Amino acid sequence: MPDCPTCGRALDAHDRHHRFTLPTPVLDLPDREHTPGTWLSHGTPQESVMMQVPGAGAFVRALLPVRLDGGFQITYGVWLGIHPDQLPQTFAVWWEPEYADLRLDGVLANEIAPWGLFPTPAIATVRDPDHTPYITSSPDPLLVKVLTHTWPHEDVLAHL
């Protein structure tokens, strides 16, 4: 594959996905996802779309797309921290037709370089019933800028 004339990186490094394994609050726990009482929606955090960890909170997977110059995009697979009371209802509709109407209000639970963004308020909604919810809005001006602006390659790719 040819290199990008703008940043010199391989072009296939521009359209990619970066999936966080654990939310930052879980990384800060001594036993991480092995903390007694942890619940995962699937066998491992990498496979899971939801988790609840004592001392850290309840989390749901979401996608955060970031547009790059030249029509490229990085999509971050982030964790959204939600109120624990939302988790049972989210789980109940995840594989049902009602999933299409799911809206989650929470906070980004991962540090996303170069912006930081942890713990920034965010709203996730379902764009496609076959995909994880997307971070679609926020009351935070920086996250709105991340969602709506196009970023130079090097500003983003250098941090992955």
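The values are calculated or read from the model by the stated rules, or taken from the named source; none is laboratory data. What you see is a predicted model, and the numbers here were worked out from it, not measured in a lab. As a convention, Cβ positions derive from the backbone with ideal geometry for all residues, glycine included, and neighbour counts pool all protein chains shown. The protein model used for the area step is the full one, side chains on, heavy atoms only, and it has no ligands, DNA or RNA in it. Shrake-Rupley method; radii C 1.70, N 1.55, O 1.52, S 1.80 Å.
Structure data summary
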quantity	calculated
Every residue from segment 74-99 that is among the polar types (S, T, N, Q) and touching a His at 6+ places or on another chain (Cβ under 8 Å)	Thr75
Qualifying positions in segment 39-68 - of a type in the set (Ser, Thr, Tyr) and open to solvent by 40 Å² or more (accessible area, probe 1.4 Å)	Thr44
Any helices (runs of 4 or more DSSP H) falling wholly within segment 83-160 and containing at least 3 residues that are surrounded by 14 or more Cβ atoms within 10 Å (Cβ to Cβ) and in contact (Cβ under 8 Å) with a residue 60 or more places away in the chain	153-157
Pairs with Cβ under 7 Å, 6+ apart, first in segment 42-55 and within 19 Å of Ala92 (Cα to Cα), second small (Gly, Ala, Ser) and open to solvent by 20 Å² or more (accessible area, probe 1.4 Å)	Ser48/Ser41; Val49/Ser41; Met50/Ser41; Met51/Ser41
Single condition Ile74 does not satisfy, out of (1) out of contact with any helix residue (DSSP H, G or I) (no Cβ under 9 Å at 6 or more places or on another chain); (2) outside any helix (DSSP H, G or I); (3) hydrophobic (A, V, I, L, M, F, W, C)	(1)
Given (1) within 24 Å of Asp105 (Cβ to Cβ); (2) modelled with pLDDT under 95, index of the condition Ala10 fails	(1)
Counted residues, segment 26-38 - those being open to solvent by less than 30 Å² (accessible area, probe 1.4 Å) and within 14 Å of Phe59 (Cα to Cα)	1
Only listed residue being within 19 Å of Leu27 (Cα to Cα) and modelled with pLDDT of 95 or more, chosen from Pro97, Pro119, Pro133, Pro139	Pro119
